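Read the structure below first, then the notes.
Derivation of every value follows stated rules applied to the coordinates shown; laboratory data play no part. What you see is a predicted model, and the numbers here were worked out from it, not measured in a lab. Please note: Cβ atoms are built from the backbone with ideal geometry, for glycine as well, and neighbour counts cover all protein chains shown.
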Amino acid sequence: MGSSATPSTAASAPGRRKVALYLALLTLQYGAQPLISKRFVRQEVIVTSLVLSIEVAKVICAVILLVAEGSLKKQFSNWSITRSLTASGLPAAIYALQNSLLQISYKNLDSLTFSILNQTKLLFTAFFTYLILGYVLLNSVAFAGRIIIRQKQSPKQIFALTLLIAAAVLLSIGESSSKGSGGGNSDYVLLYGIIPVTVASVLSGLASSLCQWASQVVLVIVLSRKHPIATVDPFNNNTEMSFIGSMCLLASTSQSPDGEAIRKHGFFHEWTLLTVVPVLMNAVGGILVGLVTTYAGGGFVIVSALLVTALLQFIFDGKPPSLYCLIALPLVMTSIFIYQKYPYVDRKKKD
């Protein structure tokens, strides 16, 4: 699925209106998800049951779309278990753990603080991409006389990452200290809010870099064997990782505390009808991410979604952004804009 050959993006690209609709829907989903999850998921809900339901829902939604467009048979006919596990196995397991940490953090941080801290994944993606693609591949991978070159950051991108670090440090220290002075629960916020979303961002960066590593290795192997080049469709790749992630979560229930809780209380312990809402929203969001990644960029979505989160939090919770959020928010938005706008350009190749 994820590593199967697909028609060129240009040939199958939807119209501008449809792309704009994808962007708008993803912005709303991304901005509203923290608020919806915090409101509709009880503290007692078993995290693994929630994340597993989300991943299964993503696969179901994707299969429905593939059936609707008549490409399901083609995707499975070109699918290879070896390439699938090579490209998606480890990242899928990491993403499953990341999603579990995000669900914990949703419940224990206000929505805007969560959304801002969650953007530190950009920093860790840049770090791991440089580390993995730079040193592992540059020094040890060479097929058919080709060496994969280290990914570089432009000076402006490095400045953008510095802004992101400053915003994250400011928000982490400020929010935990303010919660402590206001309600005496700074340790709880730190342990169950700030640390989980930060670790999730680290894992997101690692998984994203491993996906890039795997796709480049597969590409070089294909070139060395003189096979037709297979393009990686982000939509189907996300579906593939959701399926593998579901298998990893199922396997973890045999030994994990969540697995024991499921056997004791049942899979849907403390679920309500409203719990289905964030599950479906997250699943649809996963599909939209694949579509937007294929046909557009994600920088606009992230910046806009932060504003949506701030607005919804004020409307529904009556909670204005804290001073720390007001300072960190423009820093993060500026960082994302600069990072997307000014990538590294090889002057030699340009000339």
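Pairs 38/341; 58/121; 107/264: which are spaced more than 31 Å apart, C-alpha to C-alpha?
Numbers: 38/341 33 Å; 58/121 22 Å; 107/264 23 Å.
38/341, as the Cα separations exceed 31 Å there.
Multiplying the residue separation of residue 60 and residue 77 by 0.36 nm and subtracting their alpha-carbon distance yields 4.3 nm. Rounded to 0.05, the FRET efficiency of the residue 188 and residue 265 pair, given R0 = 35 Å and the Cβ-Cβ distance, is 0.90.
A simple spin-label model places pseudo-atoms 7 Å from Cα toward Cβ; at residue 276 and residue 342 they are separated by 4.9 nm.
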